[in-house]
Structure formats: C-alpha cells, structure tokens
Amino acid sequence: MGRSWWGWGDEDAAVTGEEAAALEQRVAALLPDADLTAHRPPAVHDVPLPAPRVSAPAALRAFVSDGHADRVAHARGKAFRDVVRNLHGAVDHAPDLVARPRTEQDVTDVLDWCTGAGVAVIPYGGGSSVVGGVEPRFDGPAVCLDTTAMNKVLEVDATSRAARVQAGILGPALEDALRPAGLTLRHFPQSFEFSTLGGWLATRAGGHYATVLTRIDDLTESMRVVTPAGTSESLRVPGSGAGPSPDGLFLGSEGTLGVITEAWVRLQDRPRYTASAAVHFDDYAGAVAATRALVQSGLSPSNCRLLDPVEAMLNAGTASQGGVLVLGFESADHPVDAAMDRAAELCADHGGAVRDRRSDDRAENSAGGRSGPGSAGAGGPARRWRSSFLRMPYQRDALAARSMIVETFETACTWDRFDALRHAVTAAAQDAMAQEGAAGVVSCRFTHVYPDGPAPYFGVYVAGRWGATVTQWDAIKSAVSEAIAREGGTITHHHAVGRDHRPWYDRQRPDVFAGAFRAAKSALDPGGVLNPGVLVDSDPRAAGRRNADPAPSR
Ligand SMILES: Cc1cc2nc3c(=O)[nH]c(=O)nc-3n(C[C@H](O)[C@H](O)[C@H](O)COP(=O)(O)OP(=O)(O)OC[C@H]3O[C@@H](n4cnc5c(N)ncnc54)[C@H](O)[C@@H]3O)c2cc1C
C-alpha cells in the first residue's frame, strides 16, 4: 500500500467498513434519494495511455521516467473532478515523461532541453492542485517536473528564526526537521501531509490559522527560482522597500515563470499556551457580527472559523440555529486566557454562548510534541470539527465513488459585501442543482478573517448521477463563479487560478497588468514552455505550436 493513484493520500487510510457505512447513513438521512452504489477505480495499469511522444536525451535519463504508473499518477491534481475522472479510468492528458531532478543543475538541464525541443514543462510538488494546475490539458508533449527529490531543510538560523528549505519537501518532513529546535513554520493547509513548500509558494497557499499570518506569503523571507532565462535569488531581509519585490512576482506564479527550488522561510517558536472554545449563536447575522468584532478588536485569534448551521451539522455534528464559531488562541510566550475572556465578551455582545471552553499550558505542541492544524487544547465541537477536517478529503473520495458531488470553492470579500455574496452564491448553487435535476445542500464557513473582510469557503453536497457528476459539478461551479464575480469577490482566496479559474481570473485582473505579466513571462520563459494555459497565455509566437486550452475538459 502506498499513495493512492486516483484519490487523496494513502491507500490504507481510505474510508472503508464502519466509517463508510456511517457516511452512507448520514448521506441517506440528508438526501434520501441518493444512489450510493459504490464504484471502484480501475487498477493503475489498466488505465489506457498513448505511448510517450518524446524520449529524454541520454544525459537526463538517470532521473526521468516514462513508466505507465508514474505518468498516470502525475496526470492531474486532486480536485473532485480529478478524482471522478480517475474513478472512470479516463486520463485524457498525461505527461509524456516524469522528471525527478535531484539538484538545481538537473532542473536547469530539463528546462534547457524542453525549451530547445519545444516540450512543455509542468512543475509539480505534491500534485494536490484543485484547479487543474498540474494537468497537461493542451496539445503537444509535456514533462512533469516533480520536485519531491529536492526535499531537505538545508540551514536553520535560530537567531533570526528562519530556515533555508528545498521546495520539494512535504509538510510533515519539514515540521519534523524543525521540531528538534523547538521551531515551526506553522503553516498547515488541509493538504499539509501531501503538498510541498514549493507548491505552497507557487499557489500562495493559505494555512489553517485564521488571522495575521494566514498565507505562505507572510512566512517567506526570500526565494530562489530557476527559470529558462537564469536563476533569480532575492535578498534575505526582514523587509525591503527596494522597488517591486522579486518574491511578489514569483509568489503565486503557479509554475508559469520558473521552478522554485529553495526558500528562506520565517519560523516561530512552537506554541505552549492554548485556549479554545466553541461559541454557539441563535442567529447567523449575530455570529457574523461577532466574528467581525473579534477580528477588528486586535485580539488576533489563531482560529476563528465561523461554521454556518449546515457546516456545523455536517462537519462538527452539532445542531445550531445560527452557527458555531470555533475559536482558538495560542502563544509560545504567555497564557492566552485573558484574550479568550475578552473574545467571549465580544461574542456575548452579539448573542454568542461559549461552550466547550478549554485551555492548556502543557507545551503539547512544543519540541517533541505533535503538530498539525489546531492540534492542542480543543474539545467538543471544535475537536470533532478538527478531526473531520483531516478526514474530509478521504470521505470526499468515498462519496465521489458513490455518485455524490462533494466539492468546495472559496473566495474573499469585504464585510460590507458578505451578506449579498453569500445569498447570491447559495442561490446560484441551488439554481444550478435544480437545473441539473440534483438535490443537495450548500454550507459556508470562514477559513480566514481579516479586519476588512472574511474568506468564505463553501461546500456542496449533492446527490449526483453516476457518469454525469463531473458535468453536473462543472455547471454548479460555473454558476457560483459567476455569482462570486458579480458580487465583487475574488475568484480564489487561496486555491489558486490554475486552468479551471482562468475565465474569471482573466476578467478580474486589470488588462495592463495582464500585459506586464505576459511581458515578464516572455522574458523569463521565452520558449513559452512553462505550464501553458495557466494564469496567462504566452506570446503566441512562442506558444503557437501548442494550442493551449484553458477551459476544463469534461
Ligand atoms: C484535500 C485538499 C485540501 C486542500 N487544502 C488547502 C488549504 O488548506 N489551503 C490551500 O491554500 N490550498 C489547499 N489545497 C490546494 C493545494 O493543496 C494547494 O494549492 C497547495 O499549495 C499545492 O501544493 P502542491 O505541492 O501539492 O503543488 P502542486 O499541486 O503540485 O502544484 C500546484 C501549482 O504550483 C506549481 N508548482 C508546484 N511546485 C512548484 C515549484 N517548486 N516551482 C514552481 N511552481 C510549482 C504547479 O505547476 C501548479 O501550478 C487543498 C487541496 C486538497 C486536494
């Protein structure tokens, strides 16, 4: 047993037995007409693939594979639509080769060969993209450049609390390497176990923590990027006003400008003091007002996830009329009970009742302790929500195999627009479901909150039709994306643009910026080989041979 080729994570962690039966029961109670017949994916070797269209030159063969299983496993990311297409054994676009460079020189050699031969290159970390970011959805040959052999922490500067880390390291290995020094990156996306530092930087990933240092951008001191035009390394300083930031260009570049090979990242002492609570509300408007008051108070909770009643019921097992605010504080330096006291007062002002409050000063997360999203101090609904958070991707796969459409989408907007956006998005999802003849529910939680607005994260749980769930989901996704754009939200707060969000991203970004970005791409990637179809189209003279198609193939 190892990594699942078709779904999330490890094969031996897949949902089976009692967990599967309990899941089916919960769905049947919610959607009694759902057909929950379980379908199985084909064995990886039975997935049909055309022969590779290119072969690696002799100098690269030591780290390049054209193996069938390698090509299938690197063919797409881990969104719902990826998992379902895998379940059907339909891999329309696979890379011709998978390269696993061991050094920066190997990366340069791959880029040089691909630029010369007109072969596309898709930088690939953990392959957990949910936006079609790693799928070679274009004509012409492609090499998947898998960075996971470059996976070491190279240096720790304990004085400045920073580390120089290779981009292909996965979350757990990074934290394991930092733990002996009592340090942590404290960046825990839900995909933490199976995504890489390079992927986080390339997508501007959002971690588990709700306020202040929410994204990998905030934790980045400098970056080293190998491009077809040469290598860029930014100065390692705590801040700089020296013109536009080179890191600002490469953060979120999604493999279109170069391969991120290393970064200096900012670390923190592992938290010792924690406090958590679940605050129940009778009225969702009051819950939203309390969350806004909290994030505008300067208290900076580490966790501040407002679950609406549907989300609270489905994923925290808690009935609540107005929603539940999962609240947490933590510090390596001082007790956080006073902050929790004040947060409870602010919530009470808006009708919130604190339940399941816990605090802990036992250094559970300090050197030698375990780490992960919100791993200390939580009880009751907060604890149930956290464990279901980690099981969610596995359960999504089990439900996808049972014709359910289970997927999420996210955005961010200012507080003044949130009510209208939530209503519009929920209505668009419900209308699209009705048009697809499918019954389902829509949930909403805040993943991150800022003084000027929340990042709402929606879930859909729909009884689909086997064989049609991808087209059904695409129709829902298109409708909600239109609603988000209409209501002034961003097409993504942290899932990135990839190929799937291109139509809305192209409308969101200013035209002059698109031109400047295209010019930067031409300068760094003159052959237009890097991740065609993502973020921006190359100069047509460079990309003419490839006919990139940003729209999702169905
Ligand atoms: C179950 C699940 C939960 C998720 N939870 C979160 C979450 O909490 N927060 C969040 O932000 N996202 C989340 N995601 C989305 C995904 O995990 C993130 O986008 C993550 O940052 C991708 O990292 P990766 O290493 O898997 O990159 P990949 O999926 O391999 O690649 C993503 C993009 O980055 C590019 N890329 C990868 N490595 C490099 C590199 N070294 N240099 C240049 N470009 C590179 C790729 O070309 C691609 O465009 C989740 C996804 C899943 C499936």
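Quick rundown of the values:
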read-out	value
Cross-chain or 6+ apart pairs with Cβ under 6 Å, the stretch 175-194 first and closer than 13 Å to V165 by Cβ, then near the ligand (Cβ under 8 Å from one of its atoms) and not in a helix (DSSP H, G or I)	H187/G207
The stretch 192-207, subset buried (at least 24 other Cβ atoms within 10 Å of the Cβ) and hydroxyl-bearing (S, T, Y), residue nearest to L257 (Cα to Cα)	T203
Options A149, A167; residue that is within 22 Å of the chain's Cα centre (by Cα) and either modelled with pLDDT under 95 or within 11 Å of the ligand (Cβ to nearest atom) (or both)	A167
Candidate set from the stretch 152-163 (those that are touching a Lys or Arg at 6+ places or on another chain (Cβ under 6 Å) and of a type in the set (A, V, I, L, M)); member that is farthest from the ligand (Cβ to nearest atom)	A162
Condition check for L201: part of a helix (DSSP H, G or I), more than 8 Å from the ligand (Cβ to nearest atom), touching a strand residue (DSSP E or B) at 6+ places or on another chain (Cβ under 8 Å) and aliphatic (A, V, I, L, M)	no
Evaluation of R81 against (1) assigned to a helix (DSSP H, G or I); (2) more than 27 Å from the chain's Cα centre (by Cα) (one fails), failing number	(2)
G9 being on the phi > 0 side of the Ramachandran plot, more than 16 Å from the ligand (Cβ to nearest atom) and out of contact with any Ser or Thr (no Cβ under 9 Å at 6 or more places or on another chain)	no
Residue in the stretch 261-275 that is surrounded by the most Cβ atoms within 10 Å (Cβ to Cβ), counting only those that are in a strand (DSSP E or B) and aliphatic (A, V, I, L, M)	A263
The listed residue being touching a Ser or Thr at 6+ places or on another chain (Cβ under 6 Å) and outside the structural domain of E407 (by TED's automatic domain parsing), out of V15, V84	V84
Qualifying positions in the stretch 132-146 - assigned to a loop (DSSP other than H, G, I, E, B) and either surrounded by fewer than 24 Cβ atoms within 10 Å (Cβ to Cβ) or away from the ligand (no atom under 11 Å from the Cβ) (or both)	R137, D139, G140, P141
Test: residue in the stretch 201-219 that is more than 27 Å from D525 (Cα to Cα), in contact with a Ser or Thr (Cβ under 7 Å, 6 or more places away or on another chain) and among the β-branched types (V, I, T)	yes
Enumeration of residues in the stretch 513-550 that are hydrophobic (A, V, I, L, M, F, W, C), more than 16 Å from the ligand (Cβ to nearest atom) and modelled with pLDDT of 95 or more	F513, A514, A516, A519, A523
Residue that is in contact (Cβ under 8 Å) with a residue 60 or more places away in the chain and either among the small types (G, A, S) or more than 16 Å from the ligand (Cβ to nearest atom) (or both), where the choices are P48, P41, P32	P41
Criterion (at pLDDT 95 or above and part of a helix (DSSP H, G or I)) met by exactly one of V460, V441, V470	V470
Inter-residue pairs, beta-carbon under 7 Å, first under 18 Å from E410 (Cα atoms) and in the stretch 207-227, second β-branched (V, I, T) and open to solvent by 10 Å² or more (accessible area, probe 1.4 Å), 6+ apart	T211/V295
Within the stretch 208-222, considering residues that are modelled with pLDDT of 95 or more and near the ligand (Cβ under 10 Å from one of its atoms), the one least open to solvent (accessible area, probe 1.4 Å)	I216
All positions within the stretch 204-235 that are in a strand (DSSP E or B) and either of a type in the set (D, E) or at positive phi (or both)	E221, G230, E233
Residue list for the stretch 246-260, filter: near the ligand (Cβ under 7 Å from one of its atoms) and either open to solvent by 10 Å² or more (accessible area, probe 1.4 Å) or within 17 Å of L235 (Cβ to Cβ) (or both)	E254, I260
Single unsatisfied condition, Y450 versus (1) crowded, with 21+ Cβ neighbours inside 10 Å; (2) within 16 Å of the ligand (Cβ to nearest atom)	(1)
Residue satisfying all of: in the stretch 102-130; assigned to a loop (DSSP other than H, G, I, E, B) and near the ligand (Cβ under 9 Å from one of its atoms); surrounded by the most Cβ atoms within 10 Å (Cβ to Cβ) among these	S129
Yes/no for L421 being open to solvent by less than 40 Å² (accessible area, probe 1.4 Å) and in contact with a Cys (Cβ under 8 Å, 6 or more places away or on another chain)	yes
Residue selected from the stretch 277-320 under the condition open to solvent by 10 Å² or more (accessible area, probe 1.4 Å) and assigned to a strand (DSSP E or B), by the criterion farthest from R358 (Cα to Cα)	H280
Set P95, P41: member being farther than 26 Å from V534 by Cα, crowded, with 17+ Cβ neighbours inside 10 Å and at pLDDT 95 or above	P41
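Yes or no, residue by residue, for (1) within 12 Å of L299 (Cα to Cα); (2) without any contact (Cβ under 8 Å) to a residue 40 or more places away in the chain; (3) under 28 Å from the mean Cα position of the chain (by Cα):
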site: A312; (1), (2), (3): no, no, yes
site: G322; (1), (2), (3): no, no, yes
site: L346; (1), (2), (3): yes, no, no
site: G352; (1), (2), (3): no, no, no
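The values are calculated or read from the model by the stated rules, or taken from the named source; none is laboratory data. These numbers come from a predicted model, not from an experiment. As a convention, Cβ positions derive from the backbone with ideal geometry for all residues, glycine included, and neighbour counts pool all protein chains shown. Calculation scope for accessible area: heavy atoms of the full protein, side chains included, ligands and nucleic acids excluded. Shrake-Rupley method; radii C 1.70, N 1.55, O 1.52, S 1.80 Å.
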